[in-house]
1. Go through the residues of segment 348-364 one by one and say whether even a single one is part of a loop (DSSP other than H, G, I, E, B), at pLDDT 85 or above, surrounded by 15 or more Cβ atoms within 10 Å (Cβ to Cβ) and touching an Asp or Glu at 6+ places or on another chain (Cβ under 9 Å).
2. What pairs come out if I take residues in segment 291-308 that are outside any loop (DSSP other than H, G, I, E, B) and pair them with residues that are surrounded by 12 or more Cβ atoms within 10 Å (Cβ to Cβ) and of a type outside the set (A, V, I, L, M, F, W, C) whose C-beta lies under 6 Å away, six or more apart or interchain?
3. Could you list, in sequence order, the residues of segment 372-397 that are part of a strand (DSSP E or B), more than 26 Å from residue 274 (Cβ to Cβ) and open to solvent by 80 Å² or more (accessible area, probe 1.4 Å)?
4. Take segment 111-124 and flag every residue that is buried (at least 17 other Cβ atoms within 10 Å of the Cβ) and modelled with pLDDT of 70 or more.
5. Quick test of your reading of the structure: residue 330 fulfils all but one of (1) on the phi < 0 side of the Ramachandran plot; (2) out of contact with any Leu (no Cβ under 9 Å at 6 or more places or on another chain); (3) surrounded by 14 or more Cβ atoms within 10 Å (Cβ to Cβ). Name the failing condition by number.
6. Would you please name the residue that is nearest to the chain's Cα centre (by Cα), looking only at residues in segment 282-306 that are within 17 Å of residue 322 (Cα to Cα) and of a type in the set (Val, Ile, Thr)?
7. Checking residue 108 against (1) modelled with pLDDT of 70 or more; (2) within 32 Å of the chain's Cα centre (by Cα): exactly one of these is not met. Which one?
8. List the number of the failed condition for residue 277; all other conditions in (1) surrounded by fewer than 14 Cβ atoms within 10 Å (Cβ to Cβ); (2) among the charged types (D, E, K, R); (3) at pLDDT 90 or above hold.
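The values are calculated or read from the model by the stated rules, or taken from the named source; none is laboratory data. Note that the structure is a prediction, hence the values are computed from the model and not measured. As a convention, Cβ positions derive from the backbone with ideal geometry for all residues, glycine included, and neighbour counts pool all protein chains shown. To get the accessible areas, we keep the full protein, side chains included, count just its heavy atoms, and leave off ligands, DNA and RNA. Shrake-Rupley method; radii C 1.70, N 1.55, O 1.52, S 1.80 Å.
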Amino acid sequence: MIARVIFAPIARGLVYLIEKDKEDRSTYIILFSIATVLLASLFLYLSLTQDPYSAGLKIGLIVTLLLSALSGEVLRHLTSASEIKRALDTSLDFVVYASALYSFSMAINPPLLLPWVGLREYMLLFLLLVVGAALHTEYGAEVTRWLSLRAERLLIFTLFLIAGFYYSAFEASMLLGIGFLVGALYLSVVLRQLARVNVSLPRLRLSPLKGMLKFSLKISFRLLSASAGALRTLFSAIGGIFSRKRAHVEQEEPEEEEFEEPYRGHRFTVMITDEMENPISGARVVIQNRDTGLEEVRVSDSSGRCTFEGIAPGLYRIIIDGEGIAPEEHERYISMDHGEVFAVKLKASDLSVVVSRRGLGTPVRDARVVLISDGFRKEARTNNLGVAYFDSLEVKEYLLEVEAAGYERYSRPISLFAENVVAVALEPKQETKAEEHQKEAEAESQAEVVEAEPEAKPKRTKPPAEKKAPKEKEPTAEEMEITPEEEEVIFGESALIEYTSDARLSEVVASIVREHIANERDVFLVSMQPRTEAYRREFAKLIGEGRVRVINLATKGSPPKSDSGIEEVPIANLEYFNAVFEEMPAGALFIFEPLSSVVLTLGAEHAYRFISRTAEHLSNEGLFFICFINKEMHSAKEISSFRELFMNVAEIKEGRIRRVR
C-alpha cells in the first residue's frame, strides 16, 4: 500500500520508457534487483560487524534498499516479465533479512537487552518470517495483500531503519522492523481465518458474532488488567522484602557493597591515527571518570582501535600516549554507545642531511641547509664530513633547501614520516668546472716542463705531422669517474644492485668501498670466497687501520672466528650480525654481497626476514645499506619481493651501475 503510493507513479514512468522500445528488459531489471539486494546485504554486514559508527554505510544501506524496492515495483508493472521472474523478484528481500539476522549474531553493538540472543534464535526468527510469508500468500487477508509484495516489505523495513538512524538506535530499529513484518504476516493469516469462520456459519448473524467478539475482548482486557494489577502488587511486595533484607545486610556488612553486579554501561571505541590518517598500533589510551577518579587502560591494535566496555554515563578525561606519540588529553561526555577517531601528533624526530659533490661524492663543507614549513624555518651548516644535523623536529613534511659556494642551489620536499636521513648531491656551477679544468691543464703543462728540464742535450724535434699520438690506456674501475646516476644509488639510504654471472662484481664492489672511504665513512663488507681473499689483499691497509671490516660468510658450521684480518661467520648464524650492527659508527656503510647464496642455502623466506630486519634497523640508525643479488639464480617473484625493501634498485651493465628504480 505504501509502495503503491510512493513508488507507483515513478514505476509507471520507468515502465513507459522501458516498453517504448518494445524489447524485453525484464532480465536487466531482475539483475539490478539482485545487485542492489547483495549490496544492501554487504552494507548490513559491515555496519553491524566492522564499523558500527559509520554513517556512510547506513546511508548506503538505506539507498540500496529503496532502489531495490523501486525495481520490484517496476518489475511488477512490466507486462513482458514472465511469472518465473516475478516469483524470483518477490522473494529477493529475504536475502536482506537473512543477512541482517546473521550479522546480528556477530554485531559489535547488539540491540539493547538482547546481548544473550545468539545465531540460533535469529535464524529461528528468520524461519518464522519465511513460513509467515508462505502462509500469507495462501491464507492472508485481502486487506493485507500488499504484504506479499517485495517493494512493500522493503519499504516498511527501510522506514524502520530511517527512524533508527535519526534516533541513534539503528540496530534495535532494524530488529524491530523484522519483528514487525513477522507479526503483520501472522496477524493477516489469523484475520483471514476468523473471516472464514464467520462465512462458514451462515446461520449465525454477523452482528451477534461481533457482539460476542467485543464482549470476549472486554472480558479478556479486564482479566489482563486485573492480572497485571495483581502481578504489580506481588512484585512490589517481593521488592520491598528484598530491599529491606538488602538494607539489613548492608547495615551488618557494608563492605559487601563492592561486590554488587556492575552496571553494564556503554561501549566506547577509540581509533588512533597520525596526521596522515594512518592507524597507529600500540598506543596507550586511558579514560578516567572525572567524578569518581576511576580509570581504564587499553592499547590500540593493528587497526589503531581499542574498545572500552561497561562505561557509566558521565564526563571522562581521555589520555593518549605511547612510544613515538606526543601525549594528548581530551574531555568527552559519554552517554551512549559510540566511538571517535583521534589524530595524534608524533614525537619530535632528528634529521641528518648528507651533502656531497655530484660525480665525485666528496663532502661539501659549510653548506647552508634550511628546513621550511608553514611559518617554521630552521637553518644548519654542514661539518667537515658534509653532514648537517637537526634535532627535535615535528614529524611532518618540510621543504629542504641547500646552498653552498660554487654549487647550484638544491631544493626538494621531504617527509619525516618516511625518512630521517637525506642524501643531497650538489651540482658544481659551470664557472667552477671551468676553473678546475684550467687548473688541471696548467698542472699538466707544468709537469711536462719539469720532466723536460733534466735533459742536458736538446732533442731533435720531428715535424708535427710525423709525431705519433700516445696510446690512451683504458681506465680501470678505480680510475673511472663516478656518474651522477651511480652516485644517487651508492650514496642513497639503501640500494639493491642486481647483477649477472658475467658482471665485474668485484670491481664494482671495490669502487663503492673506495667512494665511501673517500667520504670518511667506514665500510663493513660481507662476501664469500674467493672474492673475500681478493678484498683482503686490495684493502689490506684499510683493514689494518680499521676503516674496512671484511666478513667472510662460510658454508661450514664452525663458530665465528677472525683470521688474517677477515672474520668468518657460518651462513646459518645470521644472528651474529646483530652484534656487528651495534659496532657500526654513524654514517657507516654495510655491504651484503652473498644474498643469492643465502637464498639457495637457507631458503627465500629466511633470507627475506633477515634482509627486511637489516634494512629497517640500519635505516633507523642512520646507516647505509647496499645489497647484491644474482638475478639469474632467482625467479621474478623473489626478486620483486626483495626490491620492495630498498629505496633504490639498480643493475650492473658493462661494469657500471645503471639505476632501475
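1. No, segment 348-364 contains no residue that is part of a loop (DSSP other than H, G, I, E, B), at pLDDT 85 or above, surrounded by 15 or more Cβ atoms within 10 Å (Cβ to Cβ) and touching an Asp or Glu at 6+ places or on another chain (Cβ under 9 Å).
2. Final answer for the pair search is 295/288; 299/284; 306/298; 306/300; 307/269; 308/296.
3. 379, 381
4. Of everything in segment 111-124, just one residue is buried (at least 17 other Cβ atoms within 10 Å of the Cβ) and modelled with pLDDT of 70 or more, namely 122.
5. Result: residue 330 fails condition (3) only.
6. Among those residues, the one meeting the criterion is 299.
7. Of the numbered conditions (1) modelled with pLDDT of 70 or more; (2) within 32 Å of the chain's Cα centre (by Cα), the odd one out for residue 108 is (1).
8. Unmet for residue 277, out of (1) surrounded by fewer than 14 Cβ atoms within 10 Å (Cβ to Cβ); (2) among the charged types (D, E, K, R); (3) at pLDDT 90 or above: (3).
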